[in-house]
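Read the structure below first, then the notes.
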Amino acid sequence: MAVTEPLNDPALKLVQQESRVDWVRLRTLLVLRWLAILGQTIAVVIAAFYLGLRVELGLCFMAIGASVVSNLIAMTIFPENQRLSDRDAMLTLLFDLSQLAFLLFLTGGLNNPFALLILAPVTISATALTLRSTFILGVLAIFLISCLGLWYLPLTTVAGEVLQLPSLFILGFWSSIVIGILFLSAYARRVALETHRMSQALLATQMALAREQKLTDLGGVVAAAAHELGTPLATIKLVSSELLDELDGQPELAEDAALIRDQADRCRDILHSMGRAGKDDLHLRRAPFGAVIKEAADPHSDRGIELHYDFHSVDADDTGDPAQQPHIWRKPEVIHGVRNLVQNAVDFAQDQVWIVGEWDDTSLRLRITDDGKGFPSDLLGRLGDPFLRRRSPGPRDARPGYEGMGLGLFIAKTLLERSGAKVRFLNAGDPFLTDDDATGLTGAMVEVTWPDGAFDADRPVEALGENEQIIN
């Protein structure tokens, strides 16, 4: 079972673009800078006029004024909805970092508890910018905070008393800020990446589902057109046949009537073939379980891999007759999800793929197994995550080419789980797999199980968009 996607799918190509360029609006950074300007002004005023500290007011307000001027210039030149490139956003945060470091230099360095704010620009970069930009800002922040631990203008009272922490506390404060820069930036970046990748994967899921829904709707429209046009065509054929009988002595007119009848027959045949493309009957919304699974797997039946089907009940007296199979809704979610799983199996099978469906009074289960070399053991626990990449140095030859994005399995898993199913990835030789029908099989297996509750017609099922319930 591979993690592969069709390379010619524009939806998957779109969501695989993981560039973080132009994520940040200029207005967002300007608003944050205005808040910083307000806070810095209040802090300087309170320190100078309420706490009675000697502060270089001229230099402090010059630093604050630089931020004000920078904001006003940016607001004048650029529109409010301007989105910054990664480089421009990094330079903006670099300015904020330098301005804050200069203010801290004027107000006691690491003796100033507001030195903790040096974490803000690096954290913002970690959530919105590239790793390169975050690394540059992080290194510069550590450099500046280290300089502030050694060189600064001390805080003094009106009486001339120097306010200074013991060296041990300065060292501890420096260490906590450095650790905070490293930890918070790494933590924020990891969470932001996971959120971004999940949103991309869900977008791809919705696009794939919308595409499948359009194909299904198109088939319905074709079937409806064939059904509606059948009556007037039958009337045309009947009238032309009667005219042909009445024009027996008029060869030229009889030839025209015969042409009309023949063209009506041709239209009937065309609509009949189009109706088959529309799944034969617009009102056929439900079908036997095996028929729906075969329909989903059919596009991959001619790729040189033999597909084996087996649909049966757990009950011993079941004959496998399609009439005895449970009927499910023929919905795009189920068809597209199963089709992705079959595609993955065919991609990595050597010669054969087994598609086994079974049911009982409590559940409906589908197993798709290939005769390949199985899933890498180090990836089994993470299969179904979007944008899966191999991280451990395990052997690559067990499942060559498996370092894909993982989007195909994520889409299949998400769609099937929205239908009420549970999806499990395993190897056929796993020790906890003791079912008789898996005996002797090797390779990767995906097991999809719908519980009995998913068959209830009145049970609401959460779906992507406004889709109907899938399993009945």
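The values are calculated or read from the model by the stated rules, or taken from the named source; none is laboratory data. Everything quoted here is computed from the prediction, not taken from an experiment. FYI the Cβ positions are ideal-geometry reconstructions off the backbone, even for glycines, and counts take in every protein chain you see. Remember, those area values only see protein heavy atoms, side chains included, never the ligands or the DNA or RNA. Shrake-Rupley method; radii C 1.70, N 1.55, O 1.52, S 1.80 Å.
Filtering segment 29-68 to residues that are of a type in the set (D, E, K, R) and more than 30 Å from N81 (Cα to Cα) leaves R54, E56.
For P166, the conditions (1) open to solvent by 50 Å² or more (accessible area, probe 1.4 Å); (2) under 23 Å from L38 (Cβ atoms) all hold with the exception of (2).
Evaluated against (1) touching a Leu at 6+ places or on another chain (Cβ under 8 Å); (2) modelled with pLDDT of 85 or more; (3) assigned to a strand (DSSP E or B), I328 falls short on exactly one condition, (2). G320 meets each of the listed conditions (1) within 17 Å of A287 (Cβ to Cβ); (2) in a helix (DSSP H, G or I); (3) modelled with pLDDT under 85 apart from (2).
Results for (1) assigned to a loop (DSSP other than H, G, I, E, B); (2) within 24 Å of R132 (Cβ to Cβ); (3) open to solvent by 30 Å² or more (accessible area, probe 1.4 Å); (4) of a type in the set (S, T, N, Q), shown as yes or no for each residue.
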site: V31; (1), (2), (3), (4): no, no, yes, no
site: I42; (1), (2), (3), (4): no, no, yes, no
site: I46; (1), (2), (3), (4): no, no, yes, no
site: G65; (1), (2), (3), (4): no, no, no, no
site: V69; (1), (2), (3), (4): no, no, yes, no
site: D88; (1), (2), (3), (4): no, yes, yes, no
site: L100; (1), (2), (3), (4): no, yes, no, no
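Scanning segment 139-150 for residues that are more than 11 Å from W174 (Cα to Cα) and surrounded by 22 or more Cβ atoms within 10 Å (Cβ to Cβ) turns up just one, A141.
When the residues of segment 71-86 are narrowed to those that are out of contact with any Lys or Arg (no Cβ under 6 Å at 6 or more places or on another chain) and touching a residue at least 40 places away in the same chain (Cβ under 8 Å), which ends up surrounded by the fewest Cβ atoms within 10 Å (Cβ to Cβ)? Spell out the reasoning first.
So in segment 71-86, the residues out of contact with any Lys or Arg (no Cβ under 6 Å at 6 or more places or on another chain) come out as 72-79, 81-82, 84-86.
Going one step further and asking which of them are touching a residue at least 40 places away in the same chain (Cβ under 8 Å), we end up with 74-75, 78, 81-82, 84-86.
On the way: A74: 16, M75: 15, F78: 15, N81: 8, Q82: 16, L84: 22, S85: 13, D86: 19.
The qualifying residue surrounded by the fewest Cβ atoms within 10 Å (Cβ to Cβ) is N81.
For T107, are the conditions met, namely being farther than 25 Å from F183 by Cβ, modelled with pLDDT of 85 or more and surrounded by 21 or more Cβ atoms within 10 Å (Cβ to Cβ)?
Numbers: farther than 25 Å from F183 by Cβ: yes; modelled with pLDDT of 85 or more: yes; surrounded by 21 or more Cβ atoms within 10 Å (Cβ to Cβ): yes.
Here the answer is yes, as T107 does meet what is asked.
If I ask for residues that are in a helix (DSSP H, G or I) and surrounded by 12 or more Cβ atoms within 10 Å (Cβ to Cβ), which ones from segment 48-58 would you list? Lay out the reasoning, then the answer.
So in segment 48-58, the residues in a helix (DSSP H, G or I) come out as 48-50, 57-58.
Selection gives A48, L57.
Within segment 116-159, if we keep just the residues that are more than 29 Å from the chain's Cα centre (by Cα) and assigned to a loop (DSSP other than H, G, I, E, B), the residue that is nearest to A48 (Cα to Cα) turns out to be V158. Taken residue by residue, segment 292-313 has no member that is modelled with pLDDT under 85, open to solvent by 30 Å² or more (accessible area, probe 1.4 Å) and of a type in the set (F, W, Y).
Residues that are in a helix (DSSP H, G or I), of a type in the set (D, E) and either in contact with a strand residue (DSSP E or B) (Cβ under 8 Å, 6 or more places away or on another chain) or more than 19 Å from D302 (Cβ to Cβ) (or both) are absent from segment 340-362.
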